[in-house]
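The values are calculated or read from the model by the stated rules, or taken from the named source; none is laboratory data. Since this is a predicted model, take the numbers as computed values, not measurements. Glycine gets a Cβ as well: all are built from the backbone with ideal geometry, and neighbour counts include every protein chain shown. Quick note on the areas: whole protein, heavy atoms, side chains included, nothing else; ligands and nucleic acids left out. Shrake-Rupley method; radii C 1.70, N 1.55, O 1.52, S 1.80 Å.
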Amino acid sequence: MLRVVTLASIAALAHSFAVPPMRTPSARAAVKPTVTNAAPLVLPTVPELALAAGVPTALGLWRTGFAVSYGYGGAIAASAYLYLQKTSGVAKLHATALAFYGVRLCAYLLLRGATTEMRPIKAKSASVTDRLKRLPLLAGCAALYAFLAAPLRVTAAGQATDAVKLLVKASFASFGVAAVADAWKYVAKQVKGKDHLVTGGPFFFFRHPNYTFEVLGWLLSFAAAISAAAPVSKHVPALACSALGAFGIFGVLAGE
């Protein structure tokens, strides 16, 4: 009798430590959808973009020409920086292209002003009243620069198709060619004199490759926004601003 009780106790103890059998999930559990909370896309606000374009352009209160030189490059770079912090993929590449353009332009202007006689800005004395009279002009410049950055809003929230990627890369390449043209002209004039007519390199194929490819870069940036806008009705305000920027800068540079 004792032996039977002992065997029963050992069996019970072994059962208590046994690994429970695996349960096969039911069909209902197998098809249960996984709920994910995707983080919403947060883009720069209008006040942030207004400051990014307006603060660099306000250098024109100091010297008028700064609004269309350092203010231009600074506004584009600052606006692109806001998108660089909040985007990824093709939208980030697009923002990088504009940031490159803005930083490169400011660096080139600084180099040219420090090492040559080509200083586009001449210091002139002006009263506070005279400086305040520049505000309408500066506001117009700031608006143009903000509109030039507007395509970033569409590529950030729109479709990243192969066509969009190609257009963004082409825009970046165009800004690169414009940078090469400026560098070629700078070196040529440093070597052969400021009055030398540059006809080599990119200037062999285009009379003004820096302006030509700058305009092309902005038009391709606008084209990327159009291609990314689907449905178009969702992006009408940004596309309208983008159009104003692209054709506005075309009108400005075509008159250079």
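Among the residues of the range 180-192, is any among the polar types (S, T, N, Q) and surrounded by 14 or more Cβ atoms within 10 Å (Cβ to Cβ)? No, there is no match, as no residue in the range 180-192 is among the polar types (S, T, N, Q) and surrounded by 14 or more Cβ atoms within 10 Å (Cβ to Cβ).
Determine whether the range 160-175 contains at least one residue that is closer than 30 Å to Val90 by Cβ and assigned to a loop (DSSP other than H, G, I, E, B). Among the residues of the range 160-175, at least one is closer than 30 Å to Val90 by Cβ and assigned to a loop (DSSP other than H, G, I, E, B), which makes the answer yes. All of His208, His196 fail the test of being surrounded by 13 or more Cβ atoms within 10 Å (Cβ to Cβ), over 20 Å from Lys92 (Cα atoms) and at pLDDT below 95, apart from His208. There is at least one residue in the range 186-196 that is assigned to a helix (DSSP H, G or I) and either among the hydroxyl-bearing types (Ser, Thr, Tyr) or closer than 22 Å to Leu82 by Cα (or both).
Yes/no per residue for (1) farther than 19 Å from Gln159 by Cα; (2) open to solvent by 40 Å² or more (accessible area, probe 1.4 Å); (3) assigned to a helix (DSSP H, G or I):
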{"residue": "Ala224", "(1), (2), (3)": "no, no, yes"}
{"residue": "Ala240", "(1), (2), (3)": "no, yes, yes"}
{"residue": "Ala246", "(1), (2), (3)": "yes, no, yes"}
{"residue": "Val252", "(1), (2), (3)": "yes, yes, yes"}
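Run Ser174 past the list (1) under 15 Å from the mean Cα position of the chain (by Cα); (2) under 17 Å from Tyr83 (Cβ atoms) and report the number of the one that doesn't hold. For Ser174, the failing item is (2).
Going through (1) open to solvent by 90 Å² or more (accessible area, probe 1.4 Å); (2) at pLDDT 95 or above; (3) over 15 Å from the mean Cα position of the chain (by Cα) one by one, Thr57 falls short only on (1).
Look at the range 91-113: where a residue is surrounded by fewer than 18 Cβ atoms within 10 Å (Cβ to Cβ) and a partner is of a type in the set (Lys, Arg), sitting 6+ places away or on another chain with Cβ atoms under 7 Å, you get Gly113/Arg119.
Pick from Arg153, Arg134: which is open to solvent by 50 Å² or more (accessible area, probe 1.4 Å) and either of a type outside the set (Asp, Glu) or free of Cβ contacts under 8 Å to residues at least 40 places away in the same chain (or both)?
On the way: Arg134 fails: open to solvent by 50 Å² or more (accessible area, probe 1.4 Å).
Exactly one of Arg153, Arg134 is open to solvent by 50 Å² or more (accessible area, probe 1.4 Å) and either of a type outside the set (Asp, Glu) or free of Cβ contacts under 8 Å to residues at least 40 places away in the same chain (or both), namely Arg153.
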